[in-house]
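The next block holds one structure in the form of structure tokens; read it before the comments.
Coordinate-derived values only; no laboratory data. Just so it is clear, the structure is predicted and the values come from calculations on it, not from any experiment. Cβ atoms come from the backbone with ideal geometry, glycine included; neighbour counts cover every protein chain shown.
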Amino acid sequence: MLAVVLCVGSGVVWAVTDGDQPQTKKPAAVRQAPDDIRDTVEKVPRSPEGNLAVDYNEKEFKKRFGRETVHAPGAWATEKNFVRGTGSTLKGFKFGTFEEDWSTELTGPICDTTRHVTADGRTAVLLQEKSDKPKDDKGKDKKKGKKDKGGKGKKDKKGKGEKAKGKSPKADKPDEHLCNELAFFDLNTGEKLWQMKLPDAKGAFAPNTNVTMTRGTVAVAWGQGSVAYDMKRGRQLWTGAPSAECRDLGFAGGRDLLALVQCGDIEEPQFKVQKVRPRTGKTEWTYKVARGVERVYLVSSDPAVLAVSTDGTAVTNLITLDDRGDYRATIDMPEGRFFDNCGKSPFGAVETCDSIAVGREQLFLAASKGSPADNWIVSYDLGTGKTVKKFDSKPDRPMYPLRVSGGKLLAFRPSDDGVSPAAVVSLDPRRGEETPYLLFGMPDRIGMENPEESQIIVEHGRVFFAPRELSAEDSGPWKGMAFSVLGVEGA
């Protein structure tokens, strides 16, 4: 039950600005500023074999959480530890100990996270507003009739409570679940650096609220408003209120900040994508999405890549833009042919296409003929939309894109029989070569290897599997426990 891995992360980024083409001179490594979004390049391992780094299960799960299933959004890795978000708790794990190193109780359940991490190991999470209503012995809110005398009723402009506007007690109850608290954490220590309540965020509910980060800035949008904060002290930088015509649906962060804006009638929306200056909120360019599109996801901010749907939530096309917001190319995605995972996240609004990996010049998709066990990975040129390389998987062992590292794709291939090792492989789109990167045995834990059910992260020479939901096992040696995280590292 051990096994695996190896590849030591660098913590630096190559100073390359014109794509992944080989350079005549070896590029110099430059360290990122603390507020930059981390952009590490994994080093080639000397050996793919390794040991378990983290193996943690929640014990007495039902007793602790009081229910069968708990959402577990948020999983991050740094050079020092792995951090897991579950319910209203963040837990940090040192490698090789199998026990939590620290645990931070939050003011409410986690309702959205961002995959982005700063170069020095900080990230942001959104939390539900804690209910102030008194609870009975079973932990349920007491019903207090037509008026809630125990709370601090919100006032309208005339000084009257919201009940005066004709709202029933049932209409007020969802306010307990507002996703309107933003907290900023140091992932290496678990320290909460600051926490802010989003301004006038009455409509901020999961999964229509999203948080992201870019250079020095944390940005949040909830469809009826948006706001940005400075990373260092949580100082508010700017806000965006919906107009009669348009509203911010969400942001994509990373190297730049993109906003998805919806205008017009909700039945026939007109979408726009805008590049936003992180510190001021000013728009640098605007791209108008063609009419007839029903849904838009922001896959990458730089290079700018959009995933659009003309029929429900399934992605039908990918659209690439240049650095001025002008159209570059379209990549068609026939139904049932590609694995995109964009519309399946229970959290977040627009930055949810985890299974589409984007590099400086190419993007990578998993494709199949209808059977997940018979698939391959295709790379596409961002400038032309044309296929560059096709990487075939092995029989009954599909591959899934994880992330682009130094111009190469890191992909995951699960074991097909529980005996042969699972693998992270490095795919070189220029040479069409596959190189073993990490080889490891996986304990028999249902769903751990499925990217639709687990977050799979490769960072600093380790690979981690973190289920998006936790449920207690009903029988067997793990009865009463919930699988929380599994990680492996190099020997």
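Straightening the chain between Thr435 and Thr286 buys 49.6 nm, computed as 0.36 nm per residue apart minus the Cα-Cα spacing.
Taking Cβ atoms as reference points and 11 Å as the exclusive limit, the residues near Ser454 contribute a net charge of -3, counting Lys and Arg as +1 and Asp and Glu as -1. Extension gain, Glu294 to Lys272: 0.36 nm times the residue separation minus the Cα-Cα distance gives 6.7 nm. The residues packed around Ser420, meaning those with a beta-carbon under 15 Å from its beta-carbon, carry a net charge of -3 if Lys and Arg are +1 and Asp and Glu are -1.
Net charge of the neighbourhood of Asn210, taken over other residues with C-beta under 11 Å away and scored Lys/Arg +1, Asp/Glu -1, is -3.
If you bin all the Cα-Cα distances of the stretch 314-366 at 10 Å, starting from zero, the percentages per bin are 21, 52, 26, 1. With contacts taken as Cα pairs under 8 Å and at least 6 residues apart, the stretch 446-489 reaches a relative contact order of 32 percent. Just so you know, the Rg over Rh for the stretch 174-218 is 1.01, from Cα atoms, with Rh as the Kirkwood radius.
Based on Cα contacts under 8 Å between residues 6+ apart, the stretch 248-355 shows a relative contact order of 21 percent. Value of Rg to Rh for the stretch 328-485, rounded to two decimals, is 0.98; Kirkwood radius and Rg both from alpha-carbon coordinates.
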